[in-house]
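The structure under discussion appears below in the form of structure tokens.
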Amino acid sequence: MLQIDRLSHSFKNGSEVTAVLRDISFRVHKGQMVALLGSSGSGKSTLLHLMAGLMKPTEGDILIAGHNIVSMSENRLAEFRRHHIGFIFQAYELLANLTVRENIELPLVFQSVQPSVRRKKALALLEQVGIPEKAELFPSQLSGGQQQRVSIARSLITEPSVIFADEPTGNLDTRTEEEILAILKELNKALDTTFVIVTHEREVAAQTEHILSLRDGYLITERQGFAEASLTGGPAIAIT
Ligand SMILES: Nc1ncnc2c1ncn2[C@@H]1O[C@H](COP(=O)(O)OP(=O)(O)OP(=O)(O)O)[C@@H](O)[C@H]1O
């Protein structure tokens, strides 16, 4: 589903070159929910931007649903992104002047899907995230946790191959964080959607099936239940 092969990335500023990601390889299978865990500066955002096709890597390949996004043209990539990739952001990124339902429908507006079809799908998803009664309210009338539920529903409406969630509970209190993670887990099971959750919080990462840990640009894979002391570092470790 998501395959990262020998990915490296460096930033160049004049003559200065900063290596941020080093020879990273991993696979996430369809229906898996994995966490990408790393402290500040470990390279999480860079990896996320690369996987989302927002920048090209210095080296390596990124395959989503069998398509290598590294070699795609900008136009093809924009189209591919609309159909295959969903996003959930820390700050929800809902449009203030659209209702909850209209926000959820928006990705399908860009795909020219009929209004009645969009509406039906949006309302079904709103039900799945547990706030069907909020359909005609505006984002400002919702709590943070409710807004994140809307953002989750929006990310699912195109039935993407993979959803990248960037610190999805970063703005929420502990109780709401638990609710949102429970919803993500439920949806992951119910819809067989693939999720990659980017976080710097080990408690959040611990809710997923697998943890991909980034340290100094290298990837370390962990399985749930392994003690910190048993981790081994090094490049190019694959999850299968
Ligand atoms: N455009 C850039 N030019 C040079 N260096 C950069 C650039 N963008 C990021 N970096 C460097 O790459 C490293 C990784 O940054 P990145 O933003 O990917 O980390 P992160 O794990 O997402 O951190 P945070 O959790 O704080 O957002 C940092 O050392 C950062 O300074």
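The values are calculated or read from the model by the stated rules, or taken from the named source; none is laboratory data. Everything numeric here is computed off the predicted structure, so don't read it as measured data. Cβ coordinates were reconstructed from backbone atoms using ideal geometry, including for glycine residues, and neighbour counts include every protein chain displayed. Keep in mind that these areas ignore ligands, DNA and RNA; they rest on the heavy atoms of the full protein, side chains included. Shrake-Rupley method; radii C 1.70, N 1.55, O 1.52, S 1.80 Å.
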Open item on the list: Looking only at segment 128-148, filter to residues that are hydrophobic (A, V, I, L, M, F, W, C) and open to solvent by 50 Å² or more (accessible area, probe 1.4 Å); which one of those is nearest to ALA96 (Cα to Cα)?
Closed with: PHE138
TODO: Could you grab me the full set of residues in segment 86-105 that are surrounded by fewer than 17 Cβ atoms within 10 Å (Cβ to Cβ) and either more than 21 Å from the chain's Cα centre (by Cα) or assigned to a helix (DSSP H, G or I) (or both)?
DONE: ALA96, ASN97, LEU98
- [ ] Could you grab the pairs with beta carbons closer than 6 Å, sequence gap of 6+ or different chains, first residue in segment 146-174 and farther than 24 Å from HIS29 by Cβ, second one surrounded by fewer than 24 Cβ atoms within 10 Å (Cβ to Cβ) and among the aromatic types (Phe, Trp, Tyr)?
- [x] GLN147/TYR92; GLN148/TYR92; SER151/TYR92
- [ ] Tally the residues that are surrounded by fewer than 17 Cβ atoms within 10 Å (Cβ to Cβ) and either farther than 12 Å from THR58 by Cα or near the ligand (Cβ under 9 Å from one of its atoms) (or both), restricting the search to segment 2-16.
- [x] 7
Task: Residue ranges of strands (runs of 3 or more DSSP E) in segment 149-240 with at least 1 members at pLDDT 95 or above, surrounded by 13 or more Cβ atoms within 10 Å (Cβ to Cβ) and within 16 Å of the ligand (Cβ to nearest atom) - done: 162-166, 194-199
Open item on the list: Would you confirm, using the coordinates I've provided, whether GLU59 is more than 23 Å from ALA153 (Cα to Cα) and either within 12 Å of the ligand (Cβ to nearest atom) or modelled with pLDDT of 95 or more (or both)?
Closed with: yes
Open item on the list: Restricting to segment 25-40, count the residues that are open to solvent by less than 80 Å² (accessible area, probe 1.4 Å) and within 12 Å of the ligand (Cβ to nearest atom).
Closed with: 4
- [ ] Give segment 30-85 a look and list any residue that's of a type outside the set (S, T, N, Q), within 16 Å of GLY217 (Cα to Cα) and part of a helix (DSSP H, G or I), or say none.
- [x] LYS44, LEU47, LEU48, HIS49, LEU50, MET51
Open item on the list: Considering only residues that are within 24 Å of ILE85 (Cα to Cα), part of a strand (DSSP E or B) and in contact with a Gly (Cβ under 9 Å, 6 or more places away or on another chain), which ones fall in segment 1-21?
Closed with: GLN3, ILE4, ASP5, ARG6, LEU7, SER8, HIS9, VAL20, LEU21
